Amino acid sequence: MPEPIRDDVKAALDTAHDRRNQVQIYLVEKLSRAVAVSDDEVAIGLSDANLATIVSLEGRIAKFNQQRRSWGKIQALFDVGPPPATFLLKRGQYQTPGPQVAAGFLRVLCESDEAALAKIDRTGMGSSGRRTALARWLTDPETPAGALVARVMVNRIWQHLFGTGLVPSPENFGNGGEPPTHPELLEWLSHRFVKGGWRIKPLVKLIMTSGVYQQTSQVRIADVGVSIGNAATPATARFNPQSKLGVARLTDPENKLLWRMRLRRLEAEVVRDSILATSGKLDTRAGGPPVLVTTRADGKVVIDESKLPTLTSKWRRSVYLLYRRAYNLSMLSVFDQPLISTSCAQRDTSAVPLQSLTMLNDEFVAEHAGYFARRVQKRTGDDTTGQITAAFRIALARTPDNDEVALCAAALARQAELYRASGVSNEKARHQALAELCHTLLNTSEFLYAE
Amino acid sequence: MSSPLANLNPALATQWTGTGSRRDFLQASTLGVGGLALAHLLQTDGLLAAGGGDQQQPGGTDLRPRPGHFKPPAKSVIMLFQTGGPSQMDLFDPKPELQKRSGQQHLEEVESFQPGSQDNTLLGSPFKFKRRGECGMEISELLPNMASIADEWCMVRSMFSDNNNHPQATRCLNTGKIFPHRPSLGAWISYALGTENQNLPAYVVLRDPDGYANGGTTLWDNGWLPAQFRGTEIQSRGAAMLNLHPAQDTPPGIQRNNLELLAQLNEQRRQRYPLESDLLARIRNYELAARMQQSAERLLDLSGETAAIRKLYGLDDPVTENYGTRCLMARRMVELGVRFVQLLVPIKAGGMPWDQHNNLKGGLKAICPLIDKPTAGLIQDLKQRGLLDSTIVMWTGEFGRLPISQHGNGRDHNRHAFSLLLAGGGFKPGHVHGATDEFGYRSVESRVSCPDLHATLLHQLGLDHTRLYFQHAGREERLTDPEVTGAWVVGELLQNEVSVG
């Protein structure tokens with residue numbers, strides 16, 4: 001290598017390939033092979049001790065490589081070139097672009113115009129660096145943005161546990177949203193959350209071990225002094241202003257301040273998983289490939305049984321089902337599981353007749369009612385009261401009261417009689433009757449609501 | 001009729017316009033559980049007529065009927081969605097200049113979607129047009145039955161879309177914007193007005209039993225509106241609805257006994273929750289589900305229809321039976337008080353029977369006979385039953401096609417012009433609105449956008465599109481988003497013209 005160009009070649013080789021100038025590109029292209037050193041050439045120059053170290057290290061590398069597991073393809077996003085120019089869109093219309101704008105943050109969450117400009121450090125990133133800049137800004141607790149993110153996250157965790165957030169409009173903390181019901185509590189929890197390193201589990205534990213979370217959702221009629229009649233002839237509500245809960249009911253009728261726990265309808269996935277847990281079939285394994293779904297000719301989206309990794313995979317928890325855009329399992333979409341391709345800050349908890357039809361007639365529910373009945377039978381044998389008690393304990397986590405036992409016993413007898421009349425054996429008729437009872441318990445409001 | 005808004009108690013209004021749940025509303029109204037149950041009973045007895053209490057206004061969280069902003073000519077909509085992009089210059093929009101210069105190079109650069117149109121050669125229509133009816137509206141020989149009722153149609157020749165790809169344009173037509181997961185027209189209308197028949201869904205979808213059109217179930221998305229406003233598929237073959245009947249046959253009486261026990265258990269438990277209207281709603285839902293089983297059954301049972309009616313819809317001919325069955329079901333639904341019916345064309349491979357990139361002539365000859373007679377039959381039947389005045393029928397694709405040839409014998413997508421047919425519901429019969437340029441490439445006179453169309457449809461249902469909103473993500477979202485889209489009611493389409501700014 002001629003002396004005069006050595007420094008230039010070295011500088012060219014030390015420069016990252018996408019930062020070399022035209023001369024450096026030329027030098028590298030021409031001369032990189034001439035200055036390359038082969039492994040053999042290196043080996044000749046090494047001491048025996050160094051060689052031994054290399055052999056031992058390579059052995060260890062090979063061993064570690066054997067422990068490597070393959071995870072298949074991962075879908076990821078990355079930059080494919082310099083970011084395109086962004087323009088202010090007049091009236092929000094993409095057809096009418098205004099002036100070009102630089103990458104920046106929401107001005108309202110920044111202390112100055114200056115602070116609203118994204119500070120992008122691309123060193124060693126191989127990308128535009130924009131997403132990293134956004135992530136750092138969002139999680140910096142010293143900025144209004146970081147503080148907001150912490151409150152929003154805490155609020156969503158609270159919403160998940162209580163049905164409604166401390167700020168009831170989780171996607172809107174602004175003037176158009178609703179004010180927090182317990183502002184100090186939101187601040188305190190957000191502080192703990194950031195202090196604790198933004199870890200979710202300790203926060204969940206803190207909330208769930210609190211007195212407010214452990215309240216009952218039930219209200220005894222005597223406590224509020226309300227007379228409710230029955231479904232057919234409802235009486236006007238009267239509240240006893242002398243009682244503690246009566247006062248609460250009168251001053252905070254919507255229970256915004258959480259003077260009792262809210263009655264919460266189970267989320268779609270929890271409904272399905274609870275059915276599986278009740279039937280005893282829930283496959284609780286963690287991880288692994290997802291379970292695929294398919295659309296049947298009649299429009300029902302069901303689990304694709306032709307592509308199951310293992311036989312019991314179809315009974316895995318609902319989080320392991322693979323969702324594609326608008327194709328949710330019908331069992332889940334009917335219970336308000338949102339489409340995956342759009343953002344959803346708060347799920348609906350609707351009570352629509354299609355849910356009733358699903359719980360009554362869907363083959364998945366019927367099938368698991370059958371497994372549930374077998375589970376009960378296995379545990380208690382043929383004793384009617386024992387069966388009813390076991391079924392209540394499994395499905396509703398409580399023992400039935402005397403009225404309920406009587407109602408269910410009468411129903412069992414009636415259903416068994418109908419089945420016998422249809423020509424099946426006595427034994428089969430009794431089993432079917434029990435399966436009907438189990439199916440009915442899965443349909444109760446109590447099964448579908450967390451009390 | 002004055003707007004019910006004027007009398008509205010502001011405290012109730014905030015609860016009732018979408019942000020609050022029904023529970024909030026009921027509790028805020030101090031009626032509590034008793035009030036809800038009472039409302040249910042009144043409703044069941046037909047005492048709570050639409051237009052009743054002055055605390056009502058368009059938009060709600062349940063399906064009970066509620067009045068619009070003003071008295072409407074129309075109550076329901078049947079949308080006949082022709083997925084794929086029907087060719088306007090071969091069906092509804094004759095272009096003599098295009099015929100004359102067929103085979104010549106087109107002087108204007110057109111926007112194409114797929115390769116195959118680079119030659120920019122004009123392609124005349126292989127089909128003949130004739131003046132039809134007293135109005136003299138020109139319709140192609142491909143659709144003789146639809147042409148025979150020309151005096152019923154209000155034809156718009158100046159439609160345009162925002163995008164020339166199927167999914168985006170389909171969303172533009174169905175939701176007003178090209179972006180995914182906004183609520184569809186049917187969902188908005190169900191949200192605004194509820195529905196007359198509580199035993200059937202408000203918004204029904206009748207698709208080809210052989211499969212889905214391009215876009216799948218997203219065509220009847222509720223977006224961010226509550227889930228009960230999503231379109232419910234009712235099958236024209238097999239069981240009418242998913243889970244309508246038990247998965248396995250059981251002896252008679254079994255399910256009734258189950259429901260009886262369920263009602264007893266639920267009612268006992270409810271006594272512990274005197275303040276929860278949800279539980280009562282759920283109890284009612286089981287009663288409703290049972291009634292729905294019977295109602296949906298009756299819908300499917302076409303045996304009561306006379307031979308003449310079956311013939312009118314083409315049920316006697318295997319060519320028209322598929323589409324005709326759904327058209328007849330649509331009429332029965334509207335008769336029973338369903339608010340919005342979305343009916344889809346027979347599909348073939350790819351789910352887009354109107355998408356003639358190649359073989360325009362053969363493709364149109366294949367699809368037109370499947371839908372022509374049933375469509376005309378539906379209009380005639382609605383008319384003879386006196387239902388056409390209160391029912392809007394809309395026949396449309398998501399965009400049109402280009403005047404130049406693709407691959408020598410087809411036409412590519414065209415967002416700049418398409419034709420649309422309306423009938424009934426107070427739309428001007430025997431009327432042609434707007435015009436395209438002399439080749440049919442671009443709408444040039446009295447152009448109508450999808451949001452304009454939506455504003456006009458809402459108007460005919462008694463709804464002011466600028467005042468029908470749903471609170472979402474801190475924004476008062478509206479179907480037409482008028483400040484951005486400039487949507488307005490196209491008064492010239494209406495029998496009783498309105499002047500709207």
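The values are calculated or read from the model by the stated rules, or taken from the named source; none is laboratory data. Computed from a predicted structure; not experimentally measured. Here Cβ is always computed from backbone atoms with ideal geometry, including for glycine, and neighbour counts include all displayed protein chains.
Here are the numbers for this structure:
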read-out	value
Subset of the stretch B:414-427 [touching an Asp or Glu at 6+ places or on another chain (Cβ under 8 Å) and over 14 Å from B:R157 (Cβ atoms)]	B:R415, B:A423, B:G424, B:G425, B:G426
Unique residue being of a type in the set (A, V, I, L, M), part of a loop (DSSP other than H, G, I, E, B), crowded, with 20+ Cβ neighbours inside 10 Å and within 17 Å of the chain's Cα centre (by Cα) when the list is B:A169, B:A192, B:A213, B:A187	B:A213
Candidates B:S117, B:S190, B:S140 - the one that is in contact with a helix residue (DSSP H, G or I) (Cβ under 7 Å, 6 or more places away or on another chain) and more than 30 Å from B:E476 (Cα to Cα)	B:S140
Selection from the stretch A:303-333 of residues that are within 23 Å of A:Y371 (Cα to Cα) and within 14 Å of chain B (Cβ to nearest Cβ)	A:L329, A:S330, A:M331, A:L332
Residues satisfying the stated conditions in the stretch B:202-212, i.e. touching a Lys or Arg at 6+ places or on another chain (Cβ under 7 Å) and more than 9 Å from chain A (Cβ to nearest Cβ)	B:A202, B:Y203, B:L206
Strands (runs of 3 or more DSSP E) contained entirely in the stretch B:108-163, each with at least 3 residues that are of a type in the set (A, V, I, L, M, F, W, C)	B:153-159
Residue selected from the stretch A:194-246 under the condition among the charged types (D, E, K, R) and not in a helix (DSSP H, G or I), by the criterion modelled with the lowest pLDDT	A:R238
Residue tally, condition closer than 22 Å to A:G126 by Cα, of a type outside the set (S, T, N, Q) and not in a helix (DSSP H, G or I), over the stretch A:8-45	2
One residue from A:R420, A:R430 being more than 9 Å from every other protein chain (Cβ to nearest Cβ) and crowded, with 18+ Cβ neighbours inside 10 Å	A:R430
Residues located in the stretch B:223-237, provided they are closer than 17 Å to A:T358 by Cα and not basic (K, R)	B:A227, B:Q228, B:G231, B:T232, B:E233, B:I234, B:Q235
Single residue of A:I303, A:I340 found to be modelled with pLDDT of 85 or more and under 27 Å from A:I74 (Cα atoms)	A:I303
The stretch A:57-96, subset of a type in the set (V, I, T) and more than 14 Å from chain B (Cβ to nearest Cβ), residue nearest to B:T485 (Cα to Cα)	A:T86
Options A:A147, A:A116, A:A133; residue that is in contact (Cβ under 8 Å) with a residue 12 or more places away in the chain and in contact with a strand residue (DSSP E or B) (Cβ under 7 Å, 6 or more places away or on another chain)	A:A116
Options A:Q355, A:Q387; residue that is crowded, with 23+ Cβ neighbours inside 10 Å, among the polar types (S, T, N, Q), away from chain B (no Cβ under 12 Å) and in a helix (DSSP H, G or I)	A:Q387
Sole residue being hydroxyl-bearing (S, T, Y), more than 14 Å from every other protein chain (Cβ to nearest Cβ) and farther than 20 Å from B:S76 by Cβ, chosen from B:T436, B:T456	B:T436
Cβ pairs under 6 Å, 6+ apart, first in the stretch A:433-451 and within 22 Å of B:E287 (Cβ to Cβ), second among the basic types (K, R) and part of a helix (DSSP H, G or I)	A:S445/B:R282; A:E446/B:R269
Odd one out for A:C344, checked against (1) free of Cβ contacts under 8 Å to residues at least 60 places away in the same chain; (2) surrounded by fewer than 23 Cβ atoms within 10 Å (Cβ to Cβ); (3) assigned by TED's automatic domain parsing to the domain that holds A:A409	(3)
Those residues of the stretch A:365-377 which are surrounded by 23 or more Cβ atoms within 10 Å (Cβ to Cβ) and aromatic (F, W, Y), in sequence order	A:F372
Test: residue in the stretch B:334-343 that is part of a helix (DSSP H, G or I), more than 14 Å from chain A (Cβ to nearest Cβ) and either touching a residue at least 24 places away in the same chain (Cβ under 8 Å) or surrounded by 22 or more Cβ atoms within 10 Å (Cβ to Cβ) (or both)	yes
Output for the stretch B:459-487, where each listed residue is closer than 18 Å to B:C172 by Cα, away from chain A (no Cβ under 14 Å) and among the hydrophobic types (A, V, I, L, M, F, W, C)	B:L479
Any helices (runs of 4 or more DSSP H) falling wholly within the stretch B:224-318 and containing at least 2 residues that are at the interface with another protein chain (Cβ under 8 Å from one of its Cβ atoms)	B:254-270, B:277-300
Residue count, the stretch A:294-308 (criterion: buried (at least 18 other Cβ atoms within 10 Å of the Cβ) and more than 19 Å from B:E233 (Cα to Cα))	1
Pair list, Cβ < 6 Å and 6+ apart or interchain, from the stretch A:83-99 residues that are among the hydrophobic types (A, V, I, L, M, F, W, C) to residues that are at pLDDT 90 or above and exposed (fewer than 10 other Cβ atoms within 10 Å of the Cβ)	A:A85/A:Q100; A:F87/A:Q100; A:L88/A:P99
